[in-house]
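Asks: Structure below; questions to follow.
The values are calculated or read from the model by the stated rules, or taken from the named source; none is laboratory data. Just so it is clear, the model here is predicted, and its values are computed rather than measured. All Cβ positions, even for glycine, are placed from backbone atoms using ideal geometry, and neighbour counts span all protein chains on display.
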Amino acid sequence: MELAWSFCYSIILEPIQLLRKQPFINSTLVMNIKNFLLALLLIAISGTVQSQKTDTSKLKVYIDCRTGCDFNYIKTEINIVDFVLNRTVADEHILITSQGNGTGGVQYKLELYGQNRFEGYTDTVVFFIKPNTTPSERREIMVQYLMIGLTPIIAKTTFAQNIKISMKAGGALGRPAFESDKHDKWNFWVYRISARGDFSADRVYKNNILSSNFSAPYY
């Protein structure tokens, strides 16, 4: 604000005062010029303030859920955005659909469409939920993938500094997830088989010696 008034004085008021000192300049004309320039300045300042308010507002999100969604839980867990009921005022429109797959689980699709200040932005997030997933786990997974879908566009706002990304290694003891696959207990076992034999014989006796070992250390 101090900068604005300093600009007002140096660009408008100071020249007006100089004009007043000129004997051939009508005082009414000087006043009209002053009022006109002040009006232009106020319009410029108002537009700047309004632009700043728009840039610092939360992302407005409209969710169009065509499958089971716990809206209360979603709004509680994701408070970095404002969820709106009117699609036309939203910055992002999220369409949520689902369909069953052959294993008995469900495939979910999140289609994200930017609107208003983010017109032209689009993205799609697809994820699967296993058939034995509980309703509580299902809604937690839904929120997780909604956050994944919202993150790129939130990163374009002033709220990007509030985003925290956490990545954890899959599987037990930091091994990749496929190494701890419970469906194949022999996965990543290394087999070693060795054998040694000795045979000798003459007309009086014969002797057979045979030894072997088997080991399968797990990595």
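Asks: Is it the case that the range 139-157 has a residue that's of a type in the set (Phe, Trp, Tyr), under 18 Å from Val61 (Cβ atoms), out of contact with any Lys or Arg (no Cβ under 8 Å at 6 or more places or on another chain) and surrounded by 12 or more Cβ atoms within 10 Å (Cβ to Cβ)?
Replies: yes
Asks: Still on this structure, please answer the following. Looking only at the range 97-135, count every residue that is in a strand (DSSP E or B) and either at positive phi or in contact (Cβ under 8 Å) with a residue 40 or more places away in the chain (or both) and tell me the total.
Replies: Within the range 97-135, residues that are in a strand (DSSP E or B) and either at positive phi or in contact (Cβ under 8 Å) with a residue 40 or more places away in the chain (or both) number 2.
Asks: Within the range 167-189, does at least one residue satisfy the condition of being hydroxyl-bearing (Ser, Thr, Tyr), outside the structural domain of Thr76 (by TED's automatic domain parsing) and at pLDDT below 95?
Replies: The answer is yes, given that some residue of the range 167-189 is hydroxyl-bearing (Ser, Thr, Tyr), outside the structural domain of Thr76 (by TED's automatic domain parsing) and at pLDDT below 95.
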